[in-house]
1. May I ask you to derive the relative contact order of the chain, considering only C-alpha pairs under 8 Å and at least 6 residues apart, and to give it as an integer percent?
2. If the elastic network links every pair of Cα atoms under 10 Å, which of R277, R135, R187 fluctuates the most in the Gaussian network model of the chain?
3. Can you give the local net charge around D215? Use residues other than it whose beta-carbon is closer than 13 angstrom to its beta-carbon, Lys and Arg +1, Asp and Glu -1.
4. Once every DSSP H run of n ≥ 4 in the chain is given -39500 (n - 2.57) and the sum is divided by its residues, what mean residue ellipticity at 222 nm do you get, rounded to the nearest 500 deg cm²/dmol?
5. Starting from the stretch 294-333, pick out the GluC sites (Glu not before Pro) whose DSSP state is loop and whose Cβ has at most 13 other Cβ atoms within 10 Å.
6. For the chain, what class follows from the C-alpha gyration tensor (a ≥ b ≥ c being the square roots of its eigenvalues): rounded when a/c is under 1.5, otherwise prolate if a/b is larger than b/c, else oblate?
7. For the pair N103 and I335, what calculated FRET efficiency results from E = 1/(1 + (r/R0)^6), where r is the Cβ-Cβ distance and R0 = 22 Å, to the nearest 0.05?
8. Please go through the stretch 74-139 and write out the chymotrypsin sites (Phe, Trp or Tyr not before Pro) that DSSP classes as loop and that have at most 10 other C-beta atoms within 10 Å.
Amino acid sequence: MQETIGLGLIGAGRAGMIHARNFASRVPYAKMIAVSDVIEESARQSAAELGLSTWCTDWHNIIENNAIDAVIVVTPTKFHHEIVIESAKAKKHVFCEKPMAMNKEECRQMIEAAEANGIKLQIGFMRRFDSNYRRAKELIDSGAIGQVVTVKSMTRGPSTPQEWMYDIDKSNGPLAEVNSHDIDTLRWFTGSDAESLHAIAGNFRCENARKQYPDFYDTVLMNVRMKNGMLGNIDGAQGVQYGYDARTDIVGTEGHIEIGGLAGSSTLLYTKDKQFRGDTVKSWTNLFYEAYVNEDISFIQSIRENTQPEVSGTDGMAAVDIVRAGNESIKSGQIIFFKEENT
């Protein structure tokens, strides 16, 4: 068993640095070696914060570094396919943030590259590592609510999208950028893949995108029928401003489970003018802080113990294909059916 796993970060943005800080200080048997980012100042500053002397602007230098055993890929989605495949060919294990790739075929090629080169490929669906979501899964599996009937999963983010996200062909839209976690949660809790879905969407907050990007939507609702008959509902929004709102509701034949809430704490302020207020969750970085640590620990364990990652490339590919179908449904107004195939 390898004692220490050397890691290289590819993409030193906010999410990338969450992982890098975890691996540098909170994940046993992990050692950060180098950082890469296309913005030179970001690469330099990130390396300095992590106490590293090695940084670069070309990610190829990361996978060519013999001290690095695994890479953390946190770039815009359109670059995942090439980086993951080249990393696999270089025999580097890969942690790839969601969304896994731009389409199902890219995902399939990434999975095949990982298998052909004997490396681990884990996808960053961190809600599977959150204590509340894991407890809900335990309750579902124990039969505490009978058979699952519906899973409703919501993510509404406070910030407006970056401009590159307005182009659905480049970003796959909010279903990918915001609701990938909800889609994975639906598959995880139902234990099934999607059979069909219907989605509707609109742009209500991003006025500056309407003319150049008429297909862009900042709000989406999607109903999904799973192959095992269970039903799902995805609720997503960007730019809501009021806080980071992530909740899941599971109804079974014999009970009900709720996960999450908007309240940042149970402390409420009541004032003499007969008003009250409290704090809301500000960001996903606050709500799922420990979940990120746990998924990073799990990644290192899978490498050291030679076990399958808890979240596989197949999970990532299934979510990407549901995003594809959702966007197709939004454009056509039709119910989209999934083809039967072995994936």
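The values are calculated or read from the model by the stated rules, or taken from the named source; none is laboratory data. Computed from a predicted structure; not experimentally measured. All Cβ positions, glycine included, derive from the backbone under ideal geometry; neighbour counts span all protein chains shown. The protein model used for the area step is the full one, side chains on, heavy atoms only, and it has no ligands, DNA or RNA in it. Shrake-Rupley method; radii C 1.70, N 1.55, O 1.52, S 1.80 Å.
1. 20
2. Looking only at R277, R135, R187, the biggest GNM fluctuation is shown by R277.
3. Charge balance in the 13 Å sphere: 0.
4. Helix-only estimate at 222 nm: -10500 deg cm²/dmol.
5. Details: sites: E295, E305, E310, E328; in loops: E305, E310.
Passing sites in the stretch 294-333 are E305.
6. rounded
7. With R0 = 22 Å, the Cβ-Cβ based efficiency is 0.60.
8. Sparse-neighbourhood loop chymotrypsin sites (Phe, Trp or Tyr not before Pro): none present.
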